[in-house]
Amino acid sequence: MKLWKRVVGAIKDKNSIVVVYVSGRNSFRNSDLEAAIIKATSHDEYHIDKRNVRVVFSWIRASPVSLGPIIWALSRRMEKTRSWVVAIKGLMLMHGVFHCNVPVVRMIQRLPFDLSTFSDGHSKPSKSWGFNSIIREYFAFLDQKAAISFEQDNGKNNSREGDEQLLRLQKWQSLLDLLLQIKPRAENMKVRLILEAMDCVIIEIFDVYGIICSEIAKVSLRIYSISKHEAPLALKVLKKATKQGEELSLFFEFCKEYGVQNACEFPTVTRIPEQDLEELKSIINGVSVSDKGLMNNNECFMEMATVLEEDTKGSLKTIITDKWVVFDEENISSNEQQYGLCNEIKTVAAGGDAAEDVPTNSCTR
């Protein structure tokens, strides 16, 4: 039965490519790009076409105007599919697009397609519910990531500087909440493609949690000049950080037991001491307190944020420090390349490129 499904899927992909080339080009379509997207999001759950993934990313960096046709073609494919394989590959591809270091990408306000109610149409509900769930959760995260990134890069905020910082931090914490919801919940999901998607999620968690730690350090630095108006929100943010630290540990333990490669090494999360929360409560109540505990805690967060910031410069080699896990792109071992798509995402985030994959013909304007 699985062999039959693979054959049918391959036929569908080939037919889609034929239709693309028969349709030809116009002001908003590029046959080569559409074919690359179809190959990168094929029905084959055992194979990831890394070359065509790189082609899509390279095309965006080489010709930012091509983002429009790429988004159009990917959206069209996502809206038509009822295959969890095609859907998860499409989400991972979109995830990589968001990491392209091109200004036009930051203008994407929301995901251009909707998988919030996705349901696989090729398997029984008893077998597909876990895949449906992870696709909906992955979609929810990416949709919110697009909204937050657009707002922070392009939006205007009339709030006071302190309020704005705390509100920004809250939004990153909400994004981490969505990331922690993405997980395989069924035993039949222990397949290469799902583990690959989870590797992408783990990398994103490092990035988002690094931003959160950096923002918390900034809040701690000005904690004794904080206004009484801001103090309740600051306390709420610090309590949330404590809770998320615990949830993060549980999430990584779950992923490690499930077999997610990037979750295999996970150090202790630095938590906010209870005494610091009590001191902040005292500030809200107008009581003068010692700043020693908060300053010590701030040093911990500054160290963690510094280490996590290095993560954005590398890829998938894990280097264990006493604070966190960072990645070094230059020394990726052969074992760590057994899953390929999240490597491509991180390479794009670092500004890497595969020159041989850059198309020679730019997208038709």
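The values are calculated or read from the model by the stated rules, or taken from the named source; none is laboratory data. Predicted, not measured: the structure shown is a model, and the values here were computed from it. Using ideal geometry, Cβ is built from the backbone for each residue, glycine included, and neighbour counts are taken over all protein chains shown. Just so you know, the surface numbers come from the protein's heavy atoms only, side chains and all, with ligands and any DNA or RNA stripped out. Shrake-Rupley method; radii C 1.70, N 1.55, O 1.52, S 1.80 Å.
Take the alpha-carbon centre of region 176-250, take the same for region 52-79, and report the distance between them in whole Å.
Distance between centres, Cα-based: 30 Å.
If you average the sequence gap of Cα pairs under 8 Å that are 6 or more apart and divide by the length of region 58-155, what percent do you get for the contact order?
Once divided by the residue count of region 58-155, the mean separation gives 32 percent.
Give the Rg/Rh ratio for region 29-185, taking Rg as the radius of gyration of the Cα atoms and Rh as the Kirkwood radius, to two decimals.
So for region 29-185, dividing Rg by the Kirkwood Rh gives 1.00.
May I have the convex hull volume per residue, in Å³, for the Cα set of region 139-234?
Dividing the Cα hull volume of region 139-234 by its residue count gives 107 Å³.
At a probe radius of 1.4 Å, what is the per-residue accessible area of His47, in Å² to the nearest 10?
My reading of the accessible area for His47 is about 90 Å².
Between Val8 and Glu164, what is the FRET efficiency for a Förster distance of 35 Å, r being their Cβ-Cβ separation, to the nearest 0.05?
It comes out at approximately 0.10.
Kindly identify region 1-73 as rounded, prolate or oblate by the Cα gyration tensor criterion: order the square roots of the eigenvalues as a ≥ b ≥ c, call it rounded if a/c is under 1.5, otherwise compare a/b with b/c, prolate if a/b is larger, else oblate.
Oblate is the answer for region 1-73, as a/c is 1.5 or above yet b/c matches or exceeds a/b.
Kindly state, to the nearest 0.05, the FRET efficiency for Lys190 paired with Ser119, given R0 = 25 Å and r defined as their beta-carbon distance.
Efficiency at R0 = 25 Å is approximately 0.75.
Over the heavy atoms of Arg192, what accessible area does a 1.4 Å probe trace out, to the nearest 10 Å²?
Around 90 Å² of this residue is reachable by solvent.
Filter Lys5/Lys183; Lys39/Lys183; Lys127/Lys190 down to the pairs with a C-alpha to C-alpha distance above 22 Å, please.
Among Lys5/Lys183; Lys39/Lys183; Lys127/Lys190, the Cα-Cα distance tops 22 Å for Lys5/Lys183; Lys39/Lys183.
Figure the gain on full extension for Lys171 and Met107 (residue separation times 0.36 nm, minus the Cα-Cα span) and round it to one decimal in nm.
Here the answer is 21.2 nm.
With all protein chains present, calculate the accessible area of Arg222 using a 1.4 Å probe and round the result to the nearest 10 Å².
50
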